[in-house]
1. Quick one: Karplus J couplings for the stretch 212-227, per residue in order, coefficients 6.51, -1.76, 1.60, θ = phi - 60°, nearest Hz, x for Gly and Pro?
2. Please compute, over every Cα-Cα pair in the stretch 42-271, the percentage with a separation greater than 26 angstrom.
3. Hey, which of these cross-link pairs are over 21 Å Cα-Cα: LYS321/LYS360; LYS19/LYS322; LYS146/LYS338; LYS338/LYS360; LYS45/LYS77?
4. Over the chain, with a Gaussian network built from C-alpha contacts below 10 Å, which listed residue (THR78, THR223, THR286) shows the highest mean-square fluctuation?
5. State whether the stretch 1-109 is rounded, prolate or oblate according to the following rule on the C-alpha gyration tensor (a ≥ b ≥ c being the square roots of its eigenvalues): a/c under 1.5 gives rounded; otherwise a/b larger than b/c gives prolate, and the remaining case gives oblate.
6. For the stretch 170-268, what proportion of DSSP beta bridges, expressed in % and rounded to the nearest 5, is antiparallel?
7. Among residues other than PRO241 whose Cβ falls under 15 Å from its Cβ, what is the net charge (Lys/Arg +1, Asp/Glu -1)?
8. At a 10 angstrom cut-off on C-beta neighbours, averaged per residue, how do the peptides 329-338, 95-104 rank from highest to lowest?
Amino acid sequence: MTHHIAQRALDVEMSGIRKFFQAAKPDSIVMALGQPDFDTPDHIKQAAIRAINEGKTGYTFNAGLPELREAISRKLKTENGIRYHPDQVIVTAGAGEALFIAIQALVNPGERVLISDPGFVSYEACARLAGGVVDPLSLDQNLHIKVDAAIEKMKGARLLILNSPSNPTGTVESEETIRALVEAANDAGVTVLSDEVYEHFIYGDRHVSAARFGEDVLTVNATSKTYAMTGWRVGYLAGHPDYIQQCLKVHQYCQTCATSISQYAAHAAYTGDQSCVPVMRDEYRTRRDLLCNGLHDLGFDFPVPGGAFYAFVPLGKEMTKKVLDAGVVVVPGDAFGKNADEYARFSYATSQDNIREALKRISTVVG
Ligand SMILES: Cc1ncc(COP(=O)(O)O)c(C=O)c1O
């Protein structure tokens, strides 16, 4: 029997990240996953347990629980200085779904989508699944977007995807850069889709939301990283009502609504005690310093990343292979685009002991 597969599925590949994770052996040090190694804070879990016990287990409104959309709207105003009415928020199954529905609803076949290269794996796949044409934005030596080159590409493009702090580079773009990119994009009629899932993991500067600098900006975020809730699958998309109405249709037909129980948990996350967030941030900062100082001492030269929980290190292809063979699972840079095959991504969402052991193993293979 021939299994007929649609071209759009054939045109995208499985994420290169899982492949490396799956190759891990029992004694491997896994630094390949973009997932917090913390447990979800207890008050958030308790809210989910209460929802189950109270029978809040049916469908919610497609766009999400009204009180959760209100909490998100309030959070965007107080934390991010941006105004989206609760009706302008769709609660999604993680940031992943928010990206997918936005790109499905906004991008026509053949339209150009500007994405930094290297960049998060879903952007290219989502753009292609919508029939869009990916136009890569290259980074400078310090892994920042080349602003002038990006601005030159704006004319005629449909969408610009921004991600600061960035996966895979850990780069935090300056307010000046974000402002320049958003203003140039909106002036050229290009919508900005700003993925801010790592906003709370910044170790120097403050996070700056792209929507502060333009009207035509959709904001994506999630509970996943901020509250160590990757498996709960709650994120959101916020934007102009004209977009949100259309995105809601895509969401309705693929997801109906985000999991009800998880939405109650997310409500507790956004409205409850926030002290868990700086605790995690401080720990990530300590780990970042441990990893980066260790790699610098071993002779690898790279700028210390300002955010997320990744270091994107120019190991070179040969050294990356040696590091993998030594039982340290990193992700080779080519998983994130065409411009990064000399790099490897280290995730430091793992214990300090694991980072020390990884550095020890790497020291045995450094020439
Ligand atoms: C930049 C970025 N955006 C979105 C996501 C997806 O987040 P979620 O688990 O909320 O779907 C990730 C996950 O690794 C990410 O790194």
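Read-outs throughout are calculated quantities, based only on the coordinates presented, and are distinct from any laboratory measurement. Because the structure is a prediction, the values reported are computed rather than measured. Please note: Cβ atoms are built from the backbone with ideal geometry, for glycine as well, and neighbour counts cover all protein chains shown.
1. 5, 10, x, 7, 9, 9, 9, 10, 10, 7, 7, 7, 3, 8, 4, 10
2. On the way: 8678 of 26335 pairs.
The answer is 33 percent, as a whole percent.
3. Values: LYS321/LYS360 16 Å; LYS19/LYS322 17 Å; LYS146/LYS338 16 Å; LYS338/LYS360 30 Å; LYS45/LYS77 26 Å.
The pairs that break the limit, which is 21 Å between Cα atoms, are LYS338/LYS360; LYS45/LYS77.
4. Comparing THR78, THR223, THR286 in the GNM, the peak value goes to THR78.
5. oblate
6. Taking every DSSP beta bridge within the stretch 170-268, about 50 percent pair in antiparallel fashion.
7. -1
8. 95-104, 329-338
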